[in-house]
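> Have a look at this one before I ask anything.
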Amino acid sequence: MFYRVLKAHEFTDQHGRKVRKEPGCIVEVMQRAVAATLLQAGVIGSRDRTHVPSFLSGDPAPPFSPTVRVGFFIATSSWYSGGRLHMYQFALCLARAGAEVFIVTDRYPAWASDYPECGRLAVVIDGHDPVPPDLDVAVTDSKGAFGERALAYRREHPWCVLACFNFETPNWVEKYVPDYAKSLGQEQGVFREADILMANSAESALWLNRWLRRHDDDFVAVLPPAVNTFALESAEGAGQPERERPYAVWSARSPAYKGGDVAIAAVRSLPFPFDLLMIGQPRETPPESELHSFEPLKRISDEEKLALMRGATCVLAPSLFEGAGMVPMEALACGAPCVVYE
């Protein structure tokens, strides 16, 4: 479980190393007994409990401060999500480049522990923590209440630049996954009021322009996602995982278009011993047979995932549609062959 640190303390990480965490940080405590002791001592608390770091007071930055302040208005799902990860990478890069970055969201992102801490990146729990009144840029993915929240912030602070990020639009998705396209809706309001439009791939930018009936192909800036190189370096130093039989890796959410059923059928068809490790949310977990086992692995770290990819015979990514294929990118970075549709 993840908790917010309330008092400076040395914690033991998953490798048995002692790591000092300062107040406001988020820490994962694996053992319930240890968590109970730390909770009782007031060392940790709920990860959604408000804790105000030195620069997150809700006050404006000091006069003539050289710092740029950026707010990311996004909802956080309880599961790993390529879009949410991409936005977190974007925020972390800006913070490491010197900006003061505030992720305005509804819960602490579970995947934050896969990346190094940065003192200039703060998670603001909407409704609990104060949002600074002097953001220079507000970034949103336009989805749901947080897209409207970013738009409302810009209307109240007209100097603030509104950047709207796109992963996929209904006109693009409906060719591949009609039901998913319907769930995206047709709301264009945040996009139309944005000062800057961004997309996660050139194809996404193309279809966003068509959706908004714009004809300038250069209107949308493209910022692709990246592989978590911090975790990759750790995975490379951890050595190959020891397994009795060769295996493939599938990593995705549960919707049918992600191809979990296809990956299972492919492994079942093999006439020799071969296993499938399923990271994320498989729709089903088939029974083990003499030749094949199907192992669901939920909520593992990026380091563990990339280590498994490094030891895999191949990575299976039979998704019908992707805004930007992060899993194939990760597989190739790990040196693992990746099987995909065109």
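The values are calculated or read from the model by the stated rules, or taken from the named source; none is laboratory data. Everything numeric here is computed off the predicted structure, so don't read it as measured data. A quick note on method: Cβ atoms are made from the backbone with ideal geometry, for glycine too, and the neighbour counts reach across all protein chains shown. Surface accessibility is based on the protein's heavy atoms, side chains included, excluding ligands, DNA and RNA. Shrake-Rupley method; radii C 1.70, N 1.55, O 1.52, S 1.80 Å.
> Rolling a 1.4 angstrom probe over the protein chains, ignoring ligands and nucleic acids, what is the accessible area of residue 79 in square angstrom, nearest 10?
90
> Another one. How much mean residue ellipticity at 222 nm does the chain get from its helices, if each DSSP H run of length 4 or more adds -39500 (n - 2.57) and you divide by all residues, to the nearest 500 deg cm²/dmol? Spell out each step's value before the answer.
Numbers: 11 runs with 99 residues, N = 342.
Value at 222 nm, helices only, nearest 500: -8000 deg cm²/dmol.
> Would you pull out the residues with amide H under 5 Å of residue 139's amide H, same chain only if 5 or more places away, H placed 1.01 Å from N?
Correct list: 71, 72, 73, 163.
> Oh, and also: In the Gaussian network model of the chain, springs joining C-alpha atoms below 10 Å, which of 302, 179, 195 carries the largest mean-square fluctuation?
Comparing 302, 179, 195 in a Gaussian network model of the chain, the most mobile one is 179.
> Give me the Kirkwood hydrodynamic radius of the chain in Å, from all C-alpha pairs, to one decimal place?
Details: mean 1/r = 0.0459 Å⁻¹.
After inverting the pairwise mean of 1/r, the radius is 21.8 Å.
> So which helices of the chain fit the span-like rule, where a helix is a whole DSSP H run, its Cα atoms reach 18 Å or more along the axis, and its mean Kyte-Doolittle is at least 0.0? The partial results should precede the final answer.
On the way: long enough: 82-96 (21 Å, 0.29); 144-156 (19 Å, -0.82).
Span-like helices here: 82-96.
> May I ask you to derive the relative contact order of the chain, considering only C-alpha pairs under 8 Å and at least 6 residues apart, and to give it as an integer percent? Don't skip to the end; give the middle numbers.
On the way: 633 pairs, mean separation 39.7, N = 342.
Relative contact order comes out at 12 percent.
> Looking only at 16, 311, 45, which one moves most when the chain is put into a Gaussian network model with springs between Cα atoms under 10 Å?
Checking each option, the largest mean-square fluctuation is seen for 16.
> Next up: Quick check: from the Cα gyration tensor, does the stretch 82-221 come out rounded (a/c under 1.5), prolate or oblate? Working shown, then result.
On the way: a/c = 1.75, a/b = 1.49, b/c = 1.17.
Taking the square roots of the gyration eigenvalues as a ≥ b ≥ c, the stretch 82-221 is prolate.
> A further question on this structure: Each residue of the stretch 175-183 in turn: what ³J(HN,Hα) in whole Hz from Karplus with 6.51, -1.76, 1.60 and θ = phi - 60°, glycine and Pro shown as x?
5, 9, 9, x, 5, 5, 4, 5, 6
> Roughly how many percent of the accessible protein surface of the chain is carbon and sulfur, given a 1.4 Å probe and a whole-percent answer?
Numbers: 9070 of 17010 Å².
Carbon-and-sulfur percentage of accessible area, whole number: 53.
> Would you list, by chain and number, the aspartates and glutamates whose Cα falls below 19 Å from the Cα of residue 21, excluding same-chain residues fewer than 8 positions away?
10, 13, 48, 114, 117
> Next question. Just add up the charged neighbours of residue 61: K/R +1, D/E -1, any other residue whose Cβ is under 13 Å from the Cβ of residue 61.
Taking every Cβ under 13 Å from that of residue 61, the sum is -2.
> Over the chain, with a Gaussian network built from C-alpha contacts below 10 Å, which listed residue (117, 156, 148) shows the highest mean-square fluctuation?
Comparing 117, 156, 148 in the GNM, the peak value goes to 156.
> Can you give the FRET efficiency to the nearest 0.05 for residue 206 and residue 118, using r as the Cβ-Cβ distance and R₀ = 41 Å?
Details: r = 33 Å, r/R0 = 0.81.
That gives a FRET efficiency of 0.80.
> While we're looking at this one, here's another question. What whole-number value in Å² describes the accessible area per residue of the chain for a 1.4 Å probe?
Working: 17010 Å² over 342 residues.
Ligands and nucleic acids excluded, the figure is 50 Å² per residue.
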